[in-house]
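The values are calculated or read from the model by the stated rules, or taken from the named source; none is laboratory data. Treat the numbers as computed from the prediction; the structure is a model and nothing was measured. Every residue, glycine among them, receives a Cβ derived from its backbone with ideal geometry; neighbour counts consider all protein chains shown.
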Amino acid sequence: MFKTIRNAWKIPELRRRMLFTLLIIVIFRFGSAIPVPFLNTEALKGLMGEVSKAGTALSYLDMLSGGAFAYAALFAMGPTPYINSSIIIELLTVAIPALERMAKEGEEGRKKLGTITRYVAVGLALAQAVAYYFYLRNNSYGGVPIVKYTTGWQSVFAAFVIILTFTAGAALIMWLGEQVNQHGVGNGISIILFAGIVSRMPHVLNTLGAFWQAANQDPSSYGKYYFLVPLFAVLFLLMMWVIVFMYDSERRIPVQYAKRVVGRRMYGGQSTHIPIKVGLSGVMPIIFASSILIIPTTIKFFLGERASTGFWASFFDAFSPTGWLYSVLYFILIILFAFFYMTIQYNPVEMANNLRQSNGTIPGIRPGKPTSDYIMKVLSKVTFIGSLFLAFIALMPIIFSVSTGMGSLSIGGTSLLILVGVALETVKQLESQMMMRHYKGFLD
């Protein structure tokens, strides 16, 4: 990977693209530190500190925004509205015939879908900004309100400014991502998401140092951290290796094309394959499962003291991120969403029809329905293996956190998959760019 980046840096055009991408990342990090007006930053910091310990949906959004959500900064909404909008439009493309026809119209259709995705993203950002404002308005920390003005005409003006700033920040992130797509390297939104997650790494390193320092101060009580801190680093590297291995793994379905004579020339007759990625669903099943399972803990945070007694206490303990029920449901939902995403991405009947129209067959399988059944069987097996891989990546940090008590070091499987996936995709794009330019240093 580093060799590819070094070789790409030697090409002037790619060097400009890489520098432009770095500039966008710097702008994103600056926007993540610019505070929104009319908020008490110290009280907000204390409140969001409690939120991060509770493991609610708000802490999940904070992770995706690179810490900007906790500080209620300009980019507090992060790339989440655009990501959610893209997922919604992709799902509706399968359900609504008009959008499906639009997706098949080529470049013009994709432009129309892109415009619809942007409008939906702005609408989601506005709704998210309104919800976040009222959450901040109705909360305080140590008796200090988060929002400075809550009564009179000043509260109306403050609400308008705060909500508009959050929405504008989300729209600006969307625009920055599109600029990276046009003038930079890699997928813009993915690069911004990658930068936000990487920015949280110093916090993890500081926590590791705190555990190590605690072991030095009181070896009798915390000597176990001499073993657990290196173990955490080893498991982190092992999980990254597993992600890279499974990311490049694929099941190849062999295809044989029949020979045909057109005039005096013979066409076809070659053998090829259909690649089926083991990790074809990517990080989406984990995101969907996390979004559903994090709802109970979020409700608990809003209920306050009422959630700590009686039936509600037992209910929320069962759905705690460290509870066994949470882990079991997490495992099941990841597998179900992996199969759901597979059915959206692949249509075995359409694949079988395309093979028949191009005179292609799978050796030993009759064309038509037997071919589609065979492709579906292969897809089901590959998806099941991929879903088990995703469940392992998602549950390993939880198991480590519960068994060692080092909950503050828990790095979610979503973060790891995004980090590794974006890095690999960006490197592959650099390699393809160099191959297009017939770069001798790369080809050698």
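Some observations on this one:
- Residue in the stretch 50-73 that is more than 30 Å from residue 402 (Cβ to Cβ) and of a type outside the set (S, T, N, Q) present: yes
- Only one entry of 121, 170, 195 meets the criterion of being surrounded by 21 or more Cβ atoms within 10 Å (Cβ to Cβ), among the aliphatic types (A, V, I, L, M) and within 18 Å of residue 32 (Cα to Cα), and that entry is 170.
- Scan of the stretch 81-115 for residues that are acidic (Asp, Glu) and either under 23 Å from residue 288 (Cβ atoms) or in a helix (DSSP H, G or I) (or both), ordered by number: 90, 100, 107, 108
- Condition met for residue 414 (crowded, with 18+ Cβ neighbours inside 10 Å, without any contact (Cβ under 8 Å) to a residue 40 or more places away in the chain, touching a helix residue (DSSP H, G or I) at 6+ places or on another chain (Cβ under 7 Å) and hydroxyl-bearing (Ser, Thr, Tyr)): no
- Residues of the stretch 382-405 that turn out to be more than 24 Å from the chain's Cα centre (by Cα) and either part of a loop (DSSP other than H, G, I, E, B) or modelled with pLDDT of 85 or more (or both), as a count: 1
- Residues within the stretch 243-270 that are modelled with pLDDT of 80 or more and part of a strand (DSSP E or B), tallied: 7
- Matching residues, the stretch 1-51, being among the aromatic types (Phe, Trp, Tyr), over 18 Å from residue 188 (Cβ atoms) and outside any loop (DSSP other than H, G, I, E, B): 2, 9
- Unique residue being modelled with pLDDT under 85, closer than 23 Å to residue 123 by Cβ, surrounded by 13 or more Cβ atoms within 10 Å (Cβ to Cβ) and over 20 Å from the mean Cα position of the chain (by Cα) when the list is 4, 93: 93
- Test for residue 376: is it at pLDDT 80 or above, more than 17 Å from the chain's Cα centre (by Cα), buried (at least 16 other Cβ atoms within 10 Å of the Cβ) and not hydroxyl-bearing (Ser, Thr, Tyr): yes
- Within the stretch 135-149, restricting attention to residues that are among the β-branched types (Val, Ile, Thr) and in a strand (DSSP E or B), the residue that is modelled with the lowest pLDDT is 144.
- Scanning the stretch 116-134 for residues that are assigned to a helix (DSSP H, G or I) and among the charged types (D, E, K, R) turns up at least one hit.
- Residue 351 falls short on exactly one of the conditions (1) out of contact with any strand residue (DSSP E or B) (no Cβ under 8 Å at 6 or more places or on another chain); (2) closer than 22 Å to residue 273 by Cα; (3) part of a helix (DSSP H, G or I), and that condition is (1).
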